[in-house]
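One structure is given below, encoded as structure tokens.
The values are calculated or read from the model by the stated rules, or taken from the named source; none is laboratory data. The model shown is predicted, which means the values in this text are computed figures rather than measured ones. Every residue, glycine among them, receives a Cβ derived from its backbone with ideal geometry; neighbour counts consider all protein chains shown. Areas reflect the complete protein model, heavy atoms only, side chains present, ligands, DNA and RNA absent. Shrake-Rupley method; radii C 1.70, N 1.55, O 1.52, S 1.80 Å.
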Amino acid sequence: MTAPESLRAPARSGRLWHGQAPVVAVVALGGALGAAARYALSLHWPAPPGGFPWATFWTNVVGCAVIGVFMVVITDVRAAHRLVRPFFGTGVLGGFTTFSTYAVDIQKLVDHGRPAMGLAYLAATLLAALTAVWLASTATRRVLKRRQP
């Protein structure tokens with residue numbers, strides 16, 4: 001008995017990789033740019049041991065706000081080239097925002113005897129990031145609606 005076609009593994013042809021190669025390339029390029037920007041920000045604004053990690057906090061909040069604006073623009077305003085979303089949304093903004101550093105920062109705060117600050121950072125980042133994406137997308141939609149004739 002053979003598996004239904006929907007459950008079969010895709011054929012290992014060059015077409016699958018060829019079709020995905022540009023997407024993988026732009027995500028990698030965008031991710032490198034976003035991660036480099038985040039790293040530069042962390043070098044410019046380092047958190048002291050046991051101190052609140054403001055650079056990571058604001059990186060995530062600003063990144064989420066930009067994601068809100070970006071998604072409205074590419075979904076509500078006009079169709080973008082098929083590589084714009086993977087490059088900027090997944091690559092640049094995915095590399096710029098950081099869940100892993102956020103988690104490490106929480107652990108560092110706990111390790112430095114600051115569990116209350118770690119918990120506050122955990123909650124504040126989540127609340128601020130979600131609020132930022134919501135406010136940015138709502139504001140963008142309102143601005144675009146006013147510009148329509």
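For the range 46-101, a residue qualifies if it is surrounded by fewer than 16 Cβ atoms within 10 Å (Cβ to Cβ), charged (D, E, K, R) and farther than 18 Å from Arg141 by Cα, and exactly one does: Arg82. Restricting to the range 125-149, give me the number of residues that are open to solvent by 40 Å² or more (accessible area, probe 1.4 Å), closer than 24 Å to Gly68 by Cβ and not basic (Lys, Arg). Number satisfying all stated conditions: 11. Residue check: Pro115 meets all listed conditions (1) out of contact with any Phe, Trp or Tyr (no Cβ under 9 Å at 6 or more places or on another chain); (2) open to solvent by less than 50 Å² (accessible area, probe 1.4 Å) but one, namely (2).
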